[in-house]
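These notes concern the structure reproduced below.
The values are calculated or read from the model by the stated rules, or taken from the named source; none is laboratory data. Quick caveat, the model's predicted, so the values are computed rather than measured. A quick note on method: Cβ atoms are made from the backbone with ideal geometry, for glycine too, and the neighbour counts reach across all protein chains shown.
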């Protein structure tokens, strides 16, 4: 007798043997027990997760000589013929090669006749999404009102390609990808039954390489047994499958941690010389960084990390070298590179670029730190400011209504004058006209001083949690705390910071700090100064307004640029 591959030899024969699809199998068992079996089913999911296997088990359960039963005996003629694929009453149709209307017409003719021997005449259409539109249309009426004792099962990896009219006439079951642990346990059971000695690392490598498909896992197991014989060790299994060793991945991350660009590029060259597929290496490195991120956030013992026990120690140690922000950046860089390498003519260039980005990523300042320094041009490492001295009560005046101004564009000055700098653009809010005299608020200087001291205390505590939020509060024109509500008032020229402060996350932080300082829960309100009087002086030009603006000045100094052109968008 010819050799039977492991994937066929250990194919599940009962509902209880199906791994990882309990929701589907339990529903089908209950349908059999309560005599509520539908006339049409759609089984969808990735390859090798049990769609066709479950369909065959359902056919055996319905046609078994002891049935209908949820535990077919597997020894009666009906069960044996269904397992072998030559049952006269259970027809399997490959829609990839029988996709036309003529084949469906033959099926419609066959379904008109009662089963030859069994209880049900069952039609299993594999890869059903390959049928033509005409074939689907010919199947519609039969699928909606099939003759008695007939049943249709459609298996597909792309359910979205099935017409809605077909889906509405069937019960749809989605098969999920299997977990690492489920595949690992199944491989362990198979190698024990085959009397093959396998290391934990070898089994783990097979479970990871399967990527959620049990059939792929068993096929790979067959391959490595043929290559390694009666003993499977991790190193040999990785060589056979072309999987990158875990130590090489760790060495790559250590070189990134040391900012050693030379070593990173040399390791890429070594991988290419040894015949590793660089796109596959990028995927392995992405998975390794993901494990580091989970180890940094949840600990090395987290069940979300699907690696052998001995590798957990290395992941825990290496994860401490990076912050969560670093690992998130690495993860994003590698995901983008992996996507680009699929269609690249020279994948190596994309991989090298991604690794160089990772080397230099930790030297970049975060956007939050950059924005925190816009108010007063300072370095990103800004510390909490000292409490502001008491100030006279603010006056309320109405600034001139603002007009939208086109962002000021900057250009790099000549090289002989200053160092090179990139061209940038920044939003330029209008500068209000000089304020005419206006009535002063009724608050006295004595009451204003404690208020400003309290505001300074709030800002100081906020800086301890967020430089970005603290910098926004630096531009508050006035504030009040009445009836359980803290109101922060901004002038029209600082409306940009007022909008930033309306973010829910920022308000939650500010609410917590205010409650701590004032000793009571408060509602946070942010608004702009009311326009009480109309400025009647001559309005400055658009360029003058842009050059006077503090935000533009901050960008100019930060990036060493000059204002090139300003355009008033209100005139377009």
Note on residue 228: of the conditions (1) touching a helix residue (DSSP H, G or I) at 6+ places or on another chain (Cβ under 9 Å); (2) surrounded by fewer than 20 Cβ atoms within 10 Å (Cβ to Cβ); (3) over 30 Å from residue 9 (Cα atoms), unmet is (3)
Scanning segment 471-525 residue by residue, those more than 15 Å from residue 457 (Cα to Cα), touching a residue at least 12 places away in the same chain (Cβ under 8 Å) and assigned to a strand (DSSP E or B) turn out to be 485, 487, 489, 490, 523, 524, 525
Name the residue, out of 154, 139, that is in contact with a helix residue (DSSP H, G or I) (Cβ under 7 Å, 6 or more places away or on another chain), part of a helix (DSSP H, G or I) and assigned by TED's automatic domain parsing to the domain that holds residue 50.
139
Give me the residue from segment 341-356 that is free of Cβ contacts under 8 Å to residues at least 12 places away in the same chain and closer than 14 Å to residue 272 by Cα and, out of that set, nearest to the chain's Cα centre (by Cα).
349
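Residue-by-condition table, conditions (1) touching a helix residue (DSSP H, G or I) at 6+ places or on another chain (Cβ under 8 Å); (2) under 18 Å from residue 153 (Cβ atoms); (3) without any contact (Cβ under 8 Å) to a residue 40 or more places away in the chain:
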| residue | (1), (2), (3) |
| --- | --- |
| 94 | no, yes, yes |
| 102 | no, no, yes |
| 113 | no, no, yes |
| 119 | yes, yes, no |
| 129 | yes, yes, yes |
| 133 | no, no, yes |
Can you find even one residue in segment 217-232 that is assigned to a loop (DSSP other than H, G, I, E, B), without any contact (Cβ under 8 Å) to a residue 24 or more places away in the chain and over 19 Å from residue 285 (Cβ atoms)?
yes
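Yes/no matrix, rows are residues, columns are (1) buried (at least 21 other Cβ atoms within 10 Å of the Cβ); (2) more than 23 Å from residue 49 (Cβ to Cβ):
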{"residue": "115", "(1), (2)": "no, yes"}
{"residue": "131", "(1), (2)": "yes, no"}
{"residue": "156", "(1), (2)": "yes, no"}
{"residue": "160", "(1), (2)": "no, no"}
Quick check: is even one residue across segment 530-544 modelled with pLDDT of 85 or more and surrounded by 13 or more Cβ atoms within 10 Å (Cβ to Cβ)?
no
What is the residue count in segment 34-64 for residues that are within 21 Å of residue 150 (Cβ to Cβ) and either in a helix (DSSP H, G or I) or free of Cβ contacts under 8 Å to residues at least 60 places away in the same chain (or both)?
16
Picking from 122, 65, the residue that is surrounded by fewer than 17 Cβ atoms within 10 Å (Cβ to Cβ) and modelled with pLDDT of 90 or more would be 65
Taking segment 65-83 as the region of interest, how many residues are in contact (Cβ under 8 Å) with a residue 60 or more places away in the chain and assigned to a loop (DSSP other than H, G, I, E, B)?
1
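Every residue, every condition in (1) free of Cβ contacts under 8 Å to residues at least 40 places away in the same chain; (2) outside any helix (DSSP H, G or I), yes or no:
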| site | (1), (2) |
| --- | --- |
| 276 | yes, yes |
| 305 | yes, yes |
| 313 | yes, no |
| 358 | no, no |
Checking residue 177 against (1) surrounded by 15 or more Cβ atoms within 10 Å (Cβ to Cβ); (2) touching a strand residue (DSSP E or B) at 6+ places or on another chain (Cβ under 9 Å), the condition it does not meet:
(2)
Answer yes if at least one residue in segment 500-515 is over 39 Å from the mean Cα position of the chain (by Cα), modelled with pLDDT of 80 or more and in the same structural domain as residue 463 (by TED's automatic domain parsing), and no otherwise.
no
Within segment 84-113, of all residues that are touching a strand residue (DSSP E or B) at 6+ places or on another chain (Cβ under 7 Å) and outside any helix (DSSP H, G or I), the one surrounded by the fewest Cβ atoms within 10 Å (Cβ to Cβ) is 85
Return the only residue of 243, 191 being assigned to a helix (DSSP H, G or I), without any contact (Cβ under 8 Å) to a residue 60 or more places away in the chain and either buried (at least 18 other Cβ atoms within 10 Å of the Cβ) or not assigned by TED's automatic domain parsing to the domain that holds residue 18 (or both).
191
Since residue 75 meets every condition but one in (1) at negative phi; (2) in contact with a helix residue (DSSP H, G or I) (Cβ under 6 Å, 6 or more places away or on another chain), which condition does it not meet?
(2)
Considering only segment 17-29, I want to know if a residue exists there that is in a loop (DSSP other than H, G, I, E, B), touching a strand residue (DSSP E or B) at 6+ places or on another chain (Cβ under 7 Å) and in the same structural domain as residue 147 (by TED's automatic domain parsing).
no
Against the condition at pLDDT 90 or above and either outside the structural domain of residue 311 (by TED's automatic domain parsing) or assigned to a helix (DSSP H, G or I) (or both), how does residue 236 come out, does it pass?
no
Since residue 212 meets every condition but one in (1) under 30 Å from residue 27 (Cα atoms); (2) in a helix (DSSP H, G or I), which condition does it not meet?
(2)
